[in-house]
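Note sheet for the following structure.
The values are calculated or read from the model by the stated rules, or taken from the named source; none is laboratory data. Just so you know, these numbers come straight off a predicted model, no measurement behind them. Cβ coordinates were reconstructed from backbone atoms using ideal geometry, including for glycine residues, and neighbour counts include every protein chain displayed. These accessible areas exclude ligands, DNA and RNA; they are computed on the full protein's heavy atoms, side chains included. Shrake-Rupley method; radii C 1.70, N 1.55, O 1.52, S 1.80 Å.
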Amino acid sequence: MFPDLEPYEVPLDLIDDLAGRMVEGDGAEFDHPDLPAGYTYFGQFLDHDLTFDPVSNLRAPNDPGQLEDFRTPRLDLDAVYGSGPRDMPYLYDQQGELRGALLLIGDSRAEFGGSFAVEDLPRNMQGQALVGDPRNDENAIISQLHLAFLKLHNRVACALLGGEHSDHWSGDPAGLFWEVQRIVRWHYQWVVVRDFLPRVVPEGLIEELLVRVSESQRTRHRGTRSQPERRRFRFDGEPFMPVEFSVGAYRFGHSLVRPSYELNARATRVRLFAAHSDPLDAGHLGGSRPLLDRLVIDWDRFLDLARRRPQHTRQLDTKLAGPLASLPAGVAPPGEARRSLAWLNLLRGRAMGLPSGQDVAEALGEPQLHDEDLGLGGAPAPLWYYVLAEAAARGGKRRLGPVGGRILAEVILGLLEADSQSFINANPTWTPFLGNEPDRFTLADLVRYATGP
């Protein structure tokens, strides 16, 4: 996004100092006032849909222009669908008349014993999830969100075959899978644009950018090749994933993580990590194992389903939950056990050559933060830290500030506009039809429909 800005080689002692400071205390006073905890993991799910980089080096400098994104930079749910039923048949139910049209759902109780959940991600004999992206089995929350998308697809398929929503598909059984996939993708994209982003970026920014997208589309239809009026996110040819987004601004979600979670009435203080790997330990969220029955999520505790008040994320600021200050070996990169997540993020930003937060603010024409908001003694701020400090100072610890919010919004809306199959391009007037109020369809509506009877 900012190829003309100089990389900021953050001093290693500053990284050490910041990492030591970026740890919150414990208590309800650190909770976000109005963002349900489910959005933390929806944000992680979205990240996995957009990005996957298994090859960059944490410590050595990397050339962002030479890195390959192994996840298509589109909001297309390829982490759920893989490359489709023909190329990845193991993700799909191969029995019955709908062979290949439904996604496979596992039964871990039948496969692994009575302590495990009846509904789970499909797994092999060693308990490893059969999914398009193994990161969606990193913890018991994101794995169950992934499971909700499997169920969403299957429920939409059954609804169409049962005669529901006849105005929204051709009625051709041979094209059922592709029609359902489109419907699910568009509802997901709507949630990202109309629910998730408006909750975390500055108020009014999404509407402002959507108007510009609409104006750009009308101009193109008149025969010109103008681009939307965005300040920075432009690309020629294939879309790409800017490192200022993937390594910098989008990691704002780490500030939202709680130190523990209430999953259901029996599992009320489930910690993030375990000191030792035990597949039967229901006291932690650790993934890459069959889902325990004790850890089955009551989504009322993560989203506003109107039956109870859900737990909320943590505030959006420069502090991370205590357990993230010392990552266990199974979570940290090889050789980096006991490192803090803040330290790893800051070091990765340095290795990827990100510019400083102040330089990005100046490039965007936004007022720079004062040093009292940064606490760095006048030193430049690493971009990720700057985005979090800006959220605290100018977003009231509830939303991103103008720099972080604009990077987030411009990249995601830009990727949607570049995708000819997104609802923004293919049918700009489309609205969801799976919820009770189409114009107000939210993540809670999506999960309610997917997991309902």
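If Leu446 satisfies all but one of (1) at pLDDT below 95; (2) crowded, with 24+ Cβ neighbours inside 10 Å, what's the number of the condition it fails?
(1)
So in region 403-436, with the set limited to residues that are under 18 Å from Val156 (Cβ atoms) and open to solvent by 30 Å² or more (accessible area, probe 1.4 Å), which one is nearest to the chain's Cα centre (by Cα)?
Looking at the filtered set, the residue picked out is Gln421.
Only residues in region 360-385 that are under 18 Å from Leu346 (Cα atoms) count as the first member; pair them with residues that are aromatic (Phe, Trp, Tyr) and not in a helix (DSSP H, G or I), Cβ under 8 angstrom, at least 6 apart or cross-chain, and list the lot.
Once the first residue is under 18 Å from Leu346 (Cα atoms) and sits in region 360-385, its partners that are aromatic (Phe, Trp, Tyr) and not in a helix (DSSP H, G or I) give Val360/Phe2; Pro380/Tyr8; Pro382/Tyr8; Leu383/Tyr8.
Condition first: surrounded by fewer than 20 Cβ atoms within 10 Å (Cβ to Cβ) and aliphatic (A, V, I, L, M). Now tell me which residues in region 110-147 satisfy that.
Ala110, Val118, Met125, Leu130
If a residue must be aromatic (Phe, Trp, Tyr) and assigned to a loop (DSSP other than H, G, I, E, B), how many such residues does region 70-103 contain? Before the answer, list the steps.
The initial filter retains those residues of region 70-103 that are aromatic (Phe, Trp, Tyr), namely 70, 81, 90, 92.
Checking which are assigned to a loop (DSSP other than H, G, I, E, B) leaves us with 70.
Matching residues across region 70-103 total 1.
Residues are listed down the side, and each one gets a yes or a no for (1) under 30 Å from Gly114 (Cβ atoms); (2) in a helix (DSSP H, G or I); (3) within 23 Å of the chain's Cα centre (by Cα); (4) among the aliphatic types (A, V, I, L, M):
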position: Leu263; (1), (2), (3), (4): yes, no, yes, yes
position: Ala267; (1), (2), (3), (4): yes, no, no, yes
position: Ala275; (1), (2), (3), (4): yes, no, no, yes
position: Arg294; (1), (2), (3), (4): yes, yes, no, no
position: Ile297; (1), (2), (3), (4): yes, no, yes, yes
position: Arg307; (1), (2), (3), (4): yes, no, no, no
position: Leu316; (1), (2), (3), (4): no, no, yes, yes
position: Pro328; (1), (2), (3), (4): yes, no, yes, no
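Pairs needed: first member in region 100-127, touching a residue at least 60 places away in the same chain (Cβ under 8 Å); second member anywhere, in a strand (DSSP E or B) and of a type in the set (Gly, Ala, Ser); C-beta distance under 7 Å; at least 6 residues apart or different chains.
Qualifying pairs under 7 Å: Asp120/Gly106; Leu121/Gly106; Leu121/Ala129; Arg123/Gly106; Arg123/Ala129.
Working only within region 162-175, note down all residues that are in contact (Cβ under 8 Å) with a residue 60 or more places away in the chain and farther than 15 Å from Phe433 by Cβ.
Listed by number, the list is empty, since nothing qualifies.
If only one of Leu272, Leu209 is modelled with pLDDT of 65 or more and either over 24 Å from Asn345 (Cβ atoms) or loosely packed, with under 12 Cβ neighbours inside 10 Å (or both), which one is it? Let's see the steps before the verdict.
Numbers: Leu272 fails: either over 24 Å from Asn345 (Cβ atoms) or loosely packed, with under 12 Cβ neighbours inside 10 Å (or both).
From the options Leu272, Leu209, the qualifying one is Leu209.
Determine, yes or no, whether Leu354 is within 26 Å of Leu14 (Cβ to Cβ) and touching a Gly at 6+ places or on another chain (Cβ under 7 Å).
Considered against the rule, which asks whether it is within 26 Å of Leu14 (Cβ to Cβ) and touching a Gly at 6+ places or on another chain (Cβ under 7 Å), Leu354 comes out as yes.
I'm checking my understanding of the structure. Among residues of region 424-453 that are among the aromatic types (Phe, Trp, Tyr) and in contact with a His (Cβ under 8 Å, 6 or more places away or on another chain), which one is nearest to Arg74 (Cα to Cα)?
Kept after step one, since they are among the aromatic types (Phe, Trp, Tyr), are these residues of region 424-453: 430, 433, 441, 449.
So of that shortlist, the ones also in contact with a His (Cβ under 8 Å, 6 or more places away or on another chain) come out as 433, 441.
Details: Phe433: 22, Phe441: 21 Å.
Taking the candidates together, the pick is Phe441.
Keeping to region 434-453, report how many residues are of a type outside the set (Asp, Glu) and over 16 Å from Val192 (Cα atoms).
The initial filter retains those residues of region 434-453 that are of a type outside the set (Asp, Glu), namely 434-436, 438, 440-444, 446-453.
In the following step, the residues that additionally are over 16 Å from Val192 (Cα atoms) were identified as 436, 448-453.
Summing the residues that are of a type outside the set (Asp, Glu) and over 16 Å from Val192 (Cα atoms) in region 434-453 gives 7.
When you go through (1) modelled with pLDDT of 90 or more; (2) part of a loop (DSSP other than H, G, I, E, B); (3) of a type outside the set (A, V, I, L, M, F, W, C) one by one for Asp13, which number turns out not to apply?
For Asp13, the failing item is (2).
Can you find a residue in region 354-366 that is farther than 30 Å from Asn124 by Cα, open to solvent by 30 Å² or more (accessible area, probe 1.4 Å) and in a loop (DSSP other than H, G, I, E, B)?
Yes.
I'd like to check something: does region 187-203 contain any residue that is open to solvent by 20 Å² or more (accessible area, probe 1.4 Å), under 27 Å from the mean Cα position of the chain (by Cα), over 30 Å from Gly25 (Cβ atoms) and at pLDDT 95 or above? Lay out the reasoning, then the answer.
Looking only at region 187-203, we keep the residues that are open to solvent by 20 Å² or more (accessible area, probe 1.4 Å), and these are 194, 198-199, 202-203.
Imposing the further condition that a residue be under 27 Å from the mean Cα position of the chain (by Cα) reduces the set to 194, 198-199, 202-203.
If we keep only those that are over 30 Å from Gly25 (Cβ atoms) as well, we get 194.
The next check asks that each one be at pLDDT 95 or above; those that pass are 194.
The answer is yes, given that some residue of region 187-203 is open to solvent by 20 Å² or more (accessible area, probe 1.4 Å), under 27 Å from the mean Cα position of the chain (by Cα), over 30 Å from Gly25 (Cβ atoms) and at pLDDT 95 or above.
Taking Gly127 as the residue in question, decide whether it is assigned to a loop (DSSP other than H, G, I, E, B) and under 14 Å from Tyr92 (Cα atoms). Write out each step before concluding.
Details: assigned to a loop (DSSP other than H, G, I, E, B): yes; under 14 Å from Tyr92 (Cα atoms): no.
No; evaluated as a whole, the condition is false for this residue.
Scan (1) more than 22 Å from Gly38 (Cα to Cα); (2) surrounded by fewer than 20 Cβ atoms within 10 Å (Cβ to Cβ) for the single condition Gly396 breaks and write down its number.
Evaluating Gly396 over (1) more than 22 Å from Gly38 (Cα to Cα); (2) surrounded by fewer than 20 Cβ atoms within 10 Å (Cβ to Cβ) leaves (1) as the failure.
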